[in-house]
Amino acid sequence: MRIVSSIRDMQRIADDARGSGTRIGLVPTMGFLHPGHMSLLDAIRNDCGLLVLSIFVNPTQFGPTEDFDRYPRDLERDLAMAREHGADIVFTPAAEDMYPPRHQTSVLVEGVSAPLEGEFRPGHFRGVATIVAKFFNIVKPHIAVFGQKDAQQAAVLRRMTSDLNFDVDIVIAPIVREPDGLAMSSRNTYLRPEDRTEARAIYRGLMLAASAVAAGQDAPAAVRALALEEITRTGAIVVEYLRVVDAETFEDVGDILPGARVLIATAVRIGATRLIDNMILQG
Ligand code: AMP
């Protein structure tokens, strides 16, 4: 496994791979790796000859009052996990190289970026789309994989890839959860033990919603109410949003029509920690 920090070196490696007909796969992450990230490597390992994992805590996707400074970092541990899971290259660029002082360009995906996370984290998806576009130009992947854990991000990046004609196959990998249902996240490390126990209610709530839809409930308000009641039952969790939305546009849906792709997505706060999760209800 090679560790590459220079953008130029990464581009030369990518050119050489493409020149020799090797398919390049990209797994972009912010590090502090967990089995959810590893599942992304597993998802495309057999579809590429050069598997690149990027680790970069991207400052432009954090708001001014968010957790950029305290976001968990452990490069040594990450490198060991990446090696164990068959990454060929770990790309770890420096922020000052990714965003030199005179940079002025960003990528704005409209529409799908606006609701949910877009409302609560203004500018977040602009930062995400910009960094992923840059990675596409540096790593030059044939295939890239993102997690359903960040469902709206995946939809935004699909839109961007299509709209800007990036010649990259996008794969979305399912959510990896802890045994009690909590979606794995680097931010789970912020949870105090009592928060961690309360956090189980997120999965329970989403499951109630999914079961109701499976049993024939087609009214989004009723589905949402079931989840909301479970998630807020003890008062430990504050819901930022909890919405039943179209899985592509992230617009609210009317009745859940047969065949429509619909998911329930939420962002909550437990103590000082903000977590997101979602579940596919249909489609
Ligand atoms: P992050 O390091 O949080 O930016 O995540 C990097 C990639 O891993 C994103 O595509 C995430 O959606 C994905 N990811 C994070 N957590 C999970 C999880 N629990 N299951 C599946 N994918 C995940």
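The values are calculated or read from the model by the stated rules, or taken from the named source; none is laboratory data. Fair warning: this is a prediction, and the values are worked out from it, not measured in the lab. No Cβ is skipped: glycine too gets one built from the backbone with ideal geometry, and neighbour counts run over all protein chains shown. Remember, those area values only see protein heavy atoms, side chains included, never the ligands or the DNA or RNA. Shrake-Rupley method; radii C 1.70, N 1.55, O 1.52, S 1.80 Å.
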Of the residues in region 51-70, those that are under 18 Å from Pro35 (Cα atoms), of a type outside the set (S, T, N, Q) and touching a residue at least 60 places away in the same chain (Cβ under 8 Å) come to Val52, Phe56
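Rundown of residues vs (1) within 15 Å of the ligand (Cβ to nearest atom); (2) hydrophobic (A, V, I, L, M, F, W, C), yes/no style:
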| site | (1), (2) |
| --- | --- |
| His85 | yes, no |
| Ile89 | no, yes |
| Thr92 | yes, no |
| Phe125 | yes, yes |
| Pro141 | yes, no |
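Right, Thr273: open to solvent by less than 40 Å² (accessible area, probe 1.4 Å), out of contact with any helix residue (DSSP H, G or I) (no Cβ under 6 Å at 6 or more places or on another chain) and either aliphatic (A, V, I, L, M) or in contact (Cβ under 8 Å) with a residue 40 or more places away in the chain (or both) or not?
Taking the combined requirement at face value, the residue does not satisfy it.
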For region 227-244, pairs from a residue that is touching a residue at least 40 places away in the same chain (Cβ under 8 Å) to a residue that is among the hydrophobic types (A, V, I, L, M, F, W, C), with Cβ under 6 Å and 6 or more apart or across chains, are Glu240/Phe120; Glu240/Ala267; Tyr241/Leu116; Tyr241/Ala267; Arg243/Ala265
Condition set open to solvent by less than 10 Å² (accessible area, probe 1.4 Å) and among the small types (Gly, Ala, Ser), scope region 21-65, selection nearest to the ligand (Cβ to nearest atom): answer is Gly31
So the helices (runs of 4 or more DSSP H) completely within region 186-233 holding 2 or more residues that are within 16 Å of the ligand (Cβ to nearest atom) and buried (at least 20 other Cβ atoms within 10 Å of the Cβ) are 200-214
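Restricting to region 159-185, give me the number of residues that are more than 7 Å from the ligand (Cβ to nearest atom), in a loop (DSSP other than H, G, I, E, B) and under 26 Å from Cys48 (Cα atoms).
Step one: filter region 159-185 for residues more than 7 Å from the ligand (Cβ to nearest atom), giving 159-172, 178-182.
Applying the additional criterion that residues be in a loop (DSSP other than H, G, I, E, B) yields 164-168, 178-182.
Checking the rest, the ones that are also under 26 Å from Cys48 (Cα atoms) come to 164-168.
Result for region 159-185: 5.
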Residue hits (region 118-144; outside any helix (DSSP H, G or I) and surrounded by 23 or more Cβ atoms within 10 Å (Cβ to Cβ)) are Pro141, Ala144
Given (1) in a helix (DSSP H, G or I); (2) of a type in the set (Ser, Thr, Tyr); (3) open to solvent by less than 40 Å² (accessible area, probe 1.4 Å), Tyr241 misses just (1)
Restricting region 100-117 to residues that are part of a loop (DSSP other than H, G, I, E, B) and touching a helix residue (DSSP H, G or I) at 6+ places or on another chain (Cβ under 7 Å), the one nearest to Glu66 (Cα to Cα) turns out to be Leu116
Within region 145-158, of all residues that are within 10 Å of the ligand (Cβ to nearest atom) and among the hydrophobic types (A, V, I, L, M, F, W, C), the one surrounded by the fewest Cβ atoms within 10 Å (Cβ to Cβ) is Ala154
